[in-house]
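Read through the structure below, which is laid out as structure tokens, and then see the notes.
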Amino acid sequence: MKSGTVASILAVVFLLFFSFVGLSSAQDVRNSPHNLSASGPGSIKAATEDKICIFCHTPHSASPQAPLWNRRDPGGAYQTYDSSTLKVAPGQPSGASRLCLSCHDGTIAPGEVLSRVAEIEPAGSRLIPPGRSRIGLDLSDDHPISFPYSAALAASGGELRPTPTLEGRTLLDAAGRMQCTSCHDPHNNIFGKFLVADPRSGAICVSCHDIPGWTVSTHAVSTATWSGAGTDPWPNSTFTTVAENACRSCHSPHAAEGRERLLVSVAEEDVCLPCHSGTVASRDIAAELQKWRAHRANQTTGTHDPTEIPDGRRTHAECVDCHNPHRTSNAPPNSNGLPSALAGVSGFSSSGTPLAEATIEYEVCLKCHADDTSGNQDRIPRVAQQPNIRRLFDIGNPSYHPVFAVGRNPDVPSLRAPLTVTSMVTCSDCHNNDSGVQVGGSGPRGPHGSRWSFLLERRYDTVSPNTETPQAYDVCYKCHERASILGDESFDDHRKHIEGEDATCSACHAPHGVEAQTTGSQTHLINFDTRVVFPNRRGQLEFNDNGRFRGSCSLKCHGKDHRNKSYGGGGMN
């Protein structure tokens, strides 16, 4: 049979094949960048060669590697992907992945084929030029490949599906391994980048990755679009909504700047803030981080790791310390009042135990603000110093704000309705954004930033002497009626001290709690500020609780020396 006849028959066979699999001429390899012949539409192609399949396949003298491979093995050693959360170590590229890399690692020219003695002359660059198509020998910034995807791996806690399938077909090779061809079909470019399916909404990713809570999370369902201001969060995407971009909003399967976990940026905050700066998400978190007091996630990079065990000590503040981007949603709080924005993050219990997942708001806070012994947490010097926030809220203490449990005091006449002595509060009731919706503003909820000290939602003056106004102790008056306090309903000298002596609330009260001491009483959150209250001439500095609304002080303040100074009637609270 003449060679021309053979060529004609092969052409007919290829056309019939493409027709059989349902590919139009606009979709098959001939009209894709993988047509490296002179007729190809891409910039990487031959000068005169008219054969299309020859760049990968040959019917004779093929490589031992299927399918009739017309290229030599690249032979090089590759730097593979690594991560602290990886459940299996990828080996050197094998199978179809090694075939792909014989062009895409940039060490072998596309025109170097086994069936030709001379290299096929290129129209331009001999090798794949630098760019996203040239993966190189460093695969540490690319999705891991060439590892066995087994049932044991799926069950190892890596949030993987037992069997990765997409549109009825397996994504693994014949040996059950993840390869380049799991995501890319080299003959079909209908979805762009030779993807095996429409990548919209992370369809390819979730065929393998089974992440709890993802399907109802904000990042999976939001129809928000980029306003056009600031940094484009999706510079390489044709999709326009958060839900459409889905996984690709934060992750890049190739050439990821944040190599571990394939993040689109090295700095964690640069993954989150392009959207959460009021340009996609409605609230501007980036602006909050610039306030006088803030959890400055934008000032630390590379300090958080998903595998770290919370130990209750202040170490760093990254977005993902408080927010799990795969779980955060607009769902109602859980039965413990934990906001859905904090769902799925690790925590620290009130008893000092690391938790894989927090179920109460304070457990999220305690993983940094619990067992810190640096002394920086309590910036007001007090008679009983305790920098460990967890211990201050301990329900065995003489007094504490009701964060871990209902408070100990059965008589608090100043509480504002609907609060009662059986009510509990959260950390964010006091520590929150000063311009959020809870104070009539338009800012986001949460303790991202505040203009007030201690990252408080409202003003709280702590330096005496200080003129009493509704604004000066706004954070206290949020829960306690100002009229009751100044009306001496719980302590018959409240007005005298607050208005007459210009003493602040914090001069006498510690807001978190007070541990038991060897002398005096620590009920009613009494723990004096030692910048304002001093020992008397006998060296005494203490308060004693003498019963309901009654007490006595031995100390020196506002220029007066007291020894067992008693209060009764409306007395000490």
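Where Lys and Arg each count +1 and Asp and Glu each count -1, what net charge lies around Pro465 among other residues with Cβ under 14 Å from its Cβ?
Numbers: positive: Lys496, Arg531; negative: Asp461, Glu468, Glu499, Glu501, Asp502, Asp529.
Residues near Pro465 contribute -4 overall.
If I take R0 = 35 Å and measure r between the Cβ atoms of His209 and Ser115 in this structure, what FRET efficiency does the formula 1/(1 + (r/R0)^6) give, to the nearest 0.05?
Values: r = 40 Å, r/R0 = 1.14.
Efficiency, rounded to the nearest 0.05: 0.30.
Under a plain spin-label model, where a point goes 7 Å from the Cα along Cα-to-Cβ, how far apart in nm are Val439 and Gln79?
Placing both labels 7 Å along Cα→Cβ, they lie 4.7 nm apart.
Just add up the charged neighbours of Thr85: K/R +1, D/E -1, any other residue whose Cβ is under 14 Å from the Cβ of Thr85. Spell out each step's value before the answer.
Details: positive: Lys87, Arg259, Arg261; negative: Asp82, Glu159, Glu260, Asp305, Glu308.
With Lys, Arg at +1 and Asp, Glu at -1, the net is -2.
Using only the alpha carbons, work out the radius of gyration and Dmax of region 219-281 in angstrom.
Just the Cα atoms of region 219-281 yield Rg and Dmax of 10.9, 30 Å.
Glu481 versus Ala356, label points 7 Å from Cα toward the beta carbon: distance in nm?
4.9
List the relative contact order of the chain as a percent without decimals, with contacts defined as Cα pairs under 8 Å and 6+ residues apart. Spell out each step's value before the answer.
Numbers: 1130 pairs, mean separation 43.0, N = 573.
Relative contact order of the chain: 8 percent.
Across 5 Å bins from the origin, how do the percents of Cα pairs in region 395-454 run, short distances first?
Result returned by the calculation: 4, 17, 20, 18, 17, 16, 8, 1.
Mind scanning Lys291/Lys556; Lys51/Lys193; Lys87/Lys367 and naming the pairs with a C-alpha gap bigger than 32 Å? Could you put the intermediate results ahead of the total?
Values: Lys291/Lys556 38 Å; Lys51/Lys193 22 Å; Lys87/Lys367 25 Å.
Pairs exceeding 32 Å: Lys291/Lys556.
Please list, in order along region 537-544, the HN-Hα scalar couplings obtained from phi with the Karplus expression 6.51 cos²θ - 1.76 cosθ + 1.60 (θ = phi - 60°), rounded to whole Hz, x for Gly and Pro.
4, 8, x, 8, 8, 7, 10, 10
Pull out the extension gain between Ser423 and Thr518, defined as 0.36 nm times the separation in residues minus the alpha carbon to alpha carbon distance; nm, one decimal.
On the way: separation 95, 0.36 × 95 = 34.20 nm, distance 2.98 nm.
Residue separation times 0.36 nm, minus the Cα-Cα distance, leaves 31.2 nm.
Which FRET efficiency value, to the nearest 0.05, is calculated for Lys565 and His254 with the Förster distance at 60 angstrom and r the Cβ-Cβ distance? Don't skip to the end; give the middle numbers.
Numbers: r = 74 Å, r/R0 = 1.24.
Calculated transfer efficiency: 0.20.
Give me the dipole magnitude in Debye, nearest 20, for the chain about the Cα centre, with unit charges on the beta carbon: positive for Lys and Arg, negative for Asp and Glu. Spell out each step's value before the answer.
Working: 51 positive and 59 negative charges, 20 e Å.
With Lys and Arg at +1 and Asp and Glu at -1, about 100 debye.
For Lys45, which aspartates and glutamates qualify as cross-link partners when the Cα separation must be under 18 Å and same-chain residues fewer than eight apart are set aside?
The reachable aspartates and glutamates, counting only those whose Cα sits under 18 Å from Lys45, are Asp28, Asp105, Glu112, Glu119, Glu121.
May I ask you to evaluate 6.51 cos²θ - 1.76 cosθ + 1.60, the Karplus curve with θ = phi - 60°, for each residue of region 273-280 and list the ³J(HN,Hα) values in order in whole Hz, giving x for glycine and proline?
3J(HN,Hα) across region 273-280, in whole Hz: 6, x, 8, 8, 10, x, 9, 10.
In whole Å, what three semi-axes, largest first, describe the equivalent ellipsoid of region 396-573 built from its Cα gyration tensor (square root of 5 times each eigenvalue)? The partial results should precede the final answer.
Numbers: eigenvalues 157, 65, 48 Å².
Square roots of five times the eigenvalues give 28, 18, 16 Å.
Dipole magnitude of region 396-573 about its Cα centre, charges +1 at Lys/Arg Cβ and -1 at Asp/Glu Cβ only, in debye to the nearest 20?
Working: 19 positive and 20 negative charges, 54 e Å.
Its charge dipole is roughly 260 debye.
Grab the alpha carbons of region 49-103, take their convex hull, and tell me the volume per residue in Å³. Display every interim value, and only then the final one.
On the way: hull volume 5.8 nm³, N = 55.
For region 49-103, the hull spanned by Cα atoms encloses 105 Å³ per residue.
Helix 3-20 sits at what angle to the longest principal axis of the chain, using alpha carbons and giving 0 to 90 degrees rounded to 10?
30
Given a cut-off of under 8 Å on Cα pairs at least six residues apart, what relative contact order in percent is computed for region 476-561? Please report the intermediate quantities before stating the final value.
Working: 103 pairs, mean separation 17.0, N = 86.
Relative contact order here is 20 percent.
Considering Cα pairs under 8 angstrom that are at least six residues apart, work out the relative contact order of region 396-573 and quote it in whole percent. Numbers along the way, then the final one.
Working: 354 pairs, mean separation 32.1, N = 178.
Relative contact order for region 396-573 comes out at 18 percent.
Computed over the Cα atoms, what is the radius of gyration of the chain divided by 2.2 N^0.38 Å, N being its residue count?
Details: Rg = 33.3 Å, N = 573, 2.2 N^0.38 = 24.6 Å.
Ratio of Rg to 2.2 N^0.38 Å for the chain: 1.35.
What's the FRET efficiency of Arg132 with Ser156 using the Cβ-Cβ distance as r and R₀ = 22 Å, to the nearest 0.05? If you can, show how the numbers build up before the last one.
Values: r = 31 Å, r/R0 = 1.43.
Given R0 = 22 Å and the Cβ-Cβ separation, E is 0.10.
How many angstrom lie between the Cα centre of region 257-298 and the Cα centre of region 186-235?
Between the Cα centres of region 257-298 and region 186-235 lies a distance of 20 Å.
Relative to the longest principal axis of the C-alpha atoms of the chain, give the angle of the C-alpha long axis of helix 95-104, reported between 0 and 90° and rounded to the nearest 10°.
Long axis of 95-104 versus the principal axis of the chain: about 90 degrees.
With a sphere of radius 12 Å drawn around the Cβ of Ala255, what net charge do the other residues whose Cβ falls strictly inside it have (Lys, Arg +1; Asp, Glu -1)? Kindly include the intermediate steps, with their values, before the conclusion.
Values: positive: Arg132, Arg134, Arg259; negative: Asp138, Asp141, Asp142, Glu257.
Residues close to Ala255 contribute a combined charge of -1.
Any read-out appearing in this document is the output of simple, stated calculations on the displayed coordinates, not a laboratory observation. Only a predicted model underlies this, so the values are computations on that prediction, with no experimental measurement involved. Here Cβ is always computed from backbone atoms with ideal geometry, including for glycine, and neighbour counts include all displayed protein chains.
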